[in-house]
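Presented below is the structure to which this report refers.
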Amino acid sequence: MNLNQIAHDNKILEIRVGSHLYGTHTPTSDNDFSGIFLPIKSFVFGFQKVDEINLSISDKDDMGKNTQYAVDRKLYEFRKFVKLALDNNPNIIEQLFVNEENIVYINEAGRALLEKRHQFPHKGLLSKFKGYAFSQKHKMVIRSDKFHELDNAFHYLKDFAKPKELLIELKDKHLPFIKFNKDYCIIGDLNLQKGIYVKKALNMIEERLSKVGNRKTLITKYGFDTKFASHLIRLLMEGNELLNTGSIHFPLTYKETLLDIKQGKWTIKEVLDYSEQLENDIDLAAKTSELPKNPRTADIETFMIALLEEHFLMDRTVY
């Protein structure tokens, strides 16, 4: 069973997402695509479950950053996509408001789904968009000196000969990237218990560095990750727009603000001050919004079942 072929044959929608959708792309931006395919009968009535299929093409430069030739392409099974959209997952619900210019492929079923777009937003999006935004805020704030301490400590401990040695036993080595005070071992912006094993400390450092991703140059150049900062502001503004209007207009009307942040034209203080203002705005918008308090589950389920029934009546393919 060729899952890629099944997804292709049953695709109802594919769009360009990310910076191209937002209107913040540059000549070196990579290409991101997202799509939806209808399940075959065995996925619904049989044992196999396929939620999504990744068709990405990797191409990275020497710094580990995606080049303009990299392609992020993911196709979601229809029911999975609808559930995420009904939950108001920020990365998913925004796709329902795609502009025509960014639609790569669409058929009658895909058009029917987009025509239902206004049935998906509800006031529950407040916690979803704020939660995703706070995650971006946490990832963006790591000073360059703290990053280098974490990076140096990681590479030192990775090659450490005694992984079962306690962290406190490194104190006598007077390593420049590891500090000790009365209560903790301090590495970068992490306060670690002095009594833990080196191996556990290494795992915690690796997890912290993973939140930086492949954008070390941004941290070194600007002192914080400007791409995460732009995502922070975008999520709060998108959530605000949805609560006030019930939709998102693409390309984003505030794309120039996001580009300026991404290109390091804002200080970290300006970003954090603005995010605080936007958090207040989105809280107020939730109180005055005309969106329903809860998701329209019954209506969306009725639509989903009807579309699947029609699909199965027409489907004579045997895999």
With θ set to phi - 60°, apply the Karplus curve 6.51 cos²θ - 1.76 cosθ + 1.60 along the range 85-92 and write out the HN-Hα couplings as whole Hz, x wherever there is a Gly or Pro.
5, 5, 6, 6, 4, x, 6, 9
To the nearest 20 debye, what is the magnitude of the charge dipole of the range 245-319 about its Cα centre, counting +1 on the Cβ of each Lys and Arg and -1 on the Cβ of each Asp and Glu?
160 debye
Going by amide H atoms built from the backbone, whose H comes under 5 Å of the H on ASN31, apart from near neighbours?
ALA70, ASP72
Translational diffusion coefficient, Stokes-Einstein: compute it for the range 144-210 using the Kirkwood radius over C-alpha pairs as Rh, at 10 °C and 1.306 mPa s, and state it as an integer in µm² s⁻¹.
137 µm²/s
Would you mind checking LYS182/LYS265; LYS83/LYS265; LYS80/LYS211; LYS49/LYS137 for any pair whose Cα atoms are more than 28 angstrom apart?
LYS182/LYS265; LYS83/LYS265; LYS49/LYS137
What's the ranking of 133-140, 268-275 by average number of surrounding C-beta atoms within 10 Å, highest first?
133-140, 268-275
Which of these values of mean projected area of the Cα convex hull in nm² was calculated from the structure shown: (i) 16.2; (ii) 20.2; (iii) 19.0?
(ii)
Inter-label distance for ASN4 and SER135, nm, one decimal - labels placed 7 Å from Cα along Cα-to-Cβ:
2.8 nm
Cα centroid of the range 218-281 to Cα centroid of the range 110-140, whole Å:
15 Å
So for the chain, taking the charge dipole from beta-carbon charges (+1 Lys/Arg, -1 Asp/Glu), which of ASN102, PRO251, LEU84 sits furthest toward the positive end?
LEU84
How tilted is helix 144-158 with respect to the longest principal axis of the chain? Cα atoms for both, answer in degrees (0 to 90, nearest 10).
80 degrees
Sorted by average packing, counted as other Cβ atoms within 10 angstrom per residue and highest first, what order do 189-202, 224-237 take?
224-237, 189-202
Only four residue types carry charge here, +1 at the Cβ of Lys and Arg and -1 at the Cβ of Asp and Glu. Report the dipole size of the range 144-210 about the Cα centre in Debye, rounded to the nearest 20.
260 debye
The Kirkwood hydrodynamic radius of the range 1-120, taken as the inverse of the mean 1/r over all distinct Cα pairs, in Å, comes to 15.2 Å
Assuming 0.36 nm per residue, please report the length gained on full extension of the stretch LEU114 to ASP283 beyond their Cα-Cα distance.
58.1 nm
Roughly how many debye, to the nearest 20, is the charge dipole of the chain about its Cα centre, given +1 on each Lys and Arg Cβ, -1 on each Asp and Glu Cβ, and no other charges?
1100 debye
Could you pull out every residue, at least 5 positions away or on a different chain, whose amide H is within less than 5 Å of the one on ILE12? Hs are placed 1.01 Å off N in the peptide plane, and Pro or chain starts have none.
ILE36, PHE37, LEU38
Each residue of the range 227-234 in turn: what ³J(HN,Hα) in whole Hz from Karplus with 6.51, -1.76, 1.60 and θ = phi - 60°, glycine and Pro shown as x?
6, 4, 4, 5, 5, 4, 5, 4
In order through the range 289-300: 3J(HN,Hα) via Karplus (6.51 cos²θ - 1.76 cosθ + 1.60), integer Hz, x for Gly, Pro:
5, 8, 5, x, 5, 10, x, 7, 4, 4, 5, 5
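Every number in this text was worked out from the coordinates using simple rules, so none of it is lab data. Please read these numbers as outputs of a predicted model, since none were measured by experiment. With ideal geometry, Cβ positions are generated from the backbone for all residues, glycine too; neighbour counts draw on all protein chains shown.
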